[in-house]
1. Roughly how many Å is it from the Cα centre of region 331-373 to that of region 61-130, as a whole number?
2. With a cut-off of at most 15 other beta carbons within 10 Å, and DSSP calling the residue loop, which chymotrypsin sites (Phe, Trp or Tyr not before Pro) in region 90-159 qualify? Please list them.
3. Using 1/(1 + (r/R0)^6) with R0 = 41 angstrom and r between the beta carbons of Tyr8 and Val41, what's the FRET efficiency to the nearest 0.05?
4. Please give the length that would be gained between Ala30 and Ser107 if that part of the chain were fully extended, namely 0.36 nm times their separation in residues minus their C-alpha to C-alpha distance (nm, one decimal).
5. Expressed in nm to one decimal, what extension gain is obtained for the pair Ile144 and Ser23 from 0.36 nm per residue of sequence separation less their Cα-Cα distance?
6. How would region 339-382 be classified by its alpha-carbon gyration tensor: rounded, prolate or oblate, with rounded meaning a/c under 1.5 and the a/b versus b/c comparison settling the rest?
7. Based on the alpha-carbon gyration tensor of region 1-141 and its eigenvalue square roots a ≥ b ≥ c, which shape applies: rounded if a/c is under 1.5, prolate if not and a/b is larger than b/c, or oblate?
8. Treating the beta-carbon of each Lys and Arg as +1 and of each Asp and Glu as -1, no other charges, what is the dipole magnitude of region 53-200 about its Cα centre, to the nearest 20 debye?
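The values are calculated or read from the model by the stated rules, or taken from the named source; none is laboratory data. Here the structure is a predicted model, which is why all the values come from computation and not from measurement. Don't worry about glycine lacking a Cβ; one is built from the backbone with ideal geometry, like all the others, and counts go over all protein chains shown. Quick note on the areas: whole protein, heavy atoms, side chains included, nothing else; ligands and nucleic acids left out. Shrake-Rupley method; radii C 1.70, N 1.55, O 1.52, S 1.80 Å.
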Amino acid sequence: LDAFDTAYAVRVAAGAFCAANASAASPAVAWTARTVPEPVVSDDEATANTSVASERVEVFGLGIIVDDVASIDMGASTFYGDLRVYVLRYYRPFLDAATALREATESSDRGRLCAVDGEAEKWLYVDADAADVDFVNAGKFPKIEPRVDGGGVLDHLRIRSEFYFAPTLARYPFQSQTLPATLELAAPSTSASPDRLLCLLRSYSGFSPDLSSFSSTENDARTLSAKAVVDEAPRRPPYPRGCASQLDYPVTKTRCPPTRATSRLSLELKFRPPRRLGALVLVPPFLIALGSLVSYVLADPPLRLQTLATSMLAAVVQHASMRAALPPRAAGTLADDFAYCVYLVIFVALLATVGVMFAPRRRGDAACAGAASVLCFLHVRRPAGLDVSWGGIALLVALATVALLACKRGAEALLARPAGALLARPAGPSYQRLQTPASPRPALGARLLDGEYDLHLGGGAAPGDDDKDVEMVGAGDADRGDFV
């Protein structure tokens, strides 16, 4: 029976049933049945196709006192807020939203404000039942406490809860964060346009004098500031007919907007962390990079490798701790750029150590390349760096390496001159090659490498005062005239 208000003929053939002992069979049976009429939808019922235009528009003022802001957790995208919310209503309704906004509100650099100055008597406290405030971005377990006087009039609402926010991380740890507290008033479900407009009560909003968690002890450091963002926009379904599926994310706003608008007020708290707090995040990895540069003064290659391996491990751990403070799928930040530069400095030091193992005479040249590698920190985004591209960094490091090598060569040539040659260069060479004696005595290099020697400098007050013990540990090429 699959249709309303329809007659059906029901027939049962003879012998369809029989007695338990099979002594008799049932006769043929027939009758007519009619289904019930289809229920009628009452005109008074609200349906999914119902859309009622607002006949009156009311203006409500919201005042928000921030008692405390704490525990800004960028990893969880939450912060803790302790707020007091005041709800007042303009004394009369309006026929349209344009007139309501023109008469009862005013614009400012801090957002849409209620026109209270000179008209404070027109803003009325509301009953507790009429102040149905919805905290849009509140956490899972908000604690809301209404303060109501004896006559049932609401003085204010106090809410203590975590609030969700969208952190901005491109220049972390120097990035300012916007911490919103977003509120709505309940509206009829069939209204296509909001019949309750919101504005900020300036005389009922601000920071509590005893705000402690993020207040700064420095008078010139404005750690927190606030402004109100109020708008009316389509935010609730149903979506237009023939609209594409909304089950895919992200959903573009222009593709399929909702049809019912709401008025929403968001008090946005701007938190500006002091620069020194961001610098403290970057100081540990920077010290690790400086520690890796110490390896250039070490002569033992195994000791240099051990030092650099320790530096690399410390840099990885420090980078992981910085990423742990961010959301799991956060994009690259200024701190990540800084960590990459630390890795590069350590990697250049490792390459220099390997090169010195095969060419010990080039240890000074390798140190020039290591000092030039510090220029990679210019790649970090501002304010920690200059945001230079990696191509520009490669060019700068190459030029700096060549310049340092030239300075090293010049310094070596200057120090190789005799004492008097620093002022006037002699016409002939400052030294000549040593000649091996014609006698069958061993060569100079072989004799110098033979054990320890006692060197008497002379001029001491008593014999032995200027005696020194000298031990040969290496020699140059005697055929080329190298000095030991």
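1. Cα centroid of region 331-373 versus Cα centroid of region 61-130: 57 Å apart.
2. Values: sites: Tyr90, Tyr91, Phe94, Trp123, Tyr125, Phe135; in loops: Tyr91.
For chymotrypsin sites (Phe, Trp or Tyr not before Pro) across region 90-159 that sit outside H, G, I, E and B with at most 15 neighbouring Cβ atoms in 10 Å, the list reads Tyr91.
3. Working: r = 25 Å, r/R0 = 0.62.
Plugging the Cβ-Cβ distance into 1/(1 + (r/R0)^6) gives 0.95.
4. On the way: separation 77, 0.36 × 77 = 27.72 nm, distance 7.96 nm.
Additional length available on full extension: 19.8 nm.
5. Numbers: separation 121, 0.36 × 121 = 43.56 nm, distance 7.73 nm.
So the chain would gain 35.8 nm between Ile144 and Ser23.
6. Values: a/c = 6.03, a/b = 2.34, b/c = 2.58.
Note, shape of region 339-382 comes out oblate.
7. Numbers: a/c = 5.33, a/b = 2.58, b/c = 2.07.
Because a/c hits 1.5 or more and a/b exceeds b/c, region 1-141 counts as prolate.
8. On the way: 15 positive and 23 negative charges, 74 e Å.
For this selection, approximately 360 debye.
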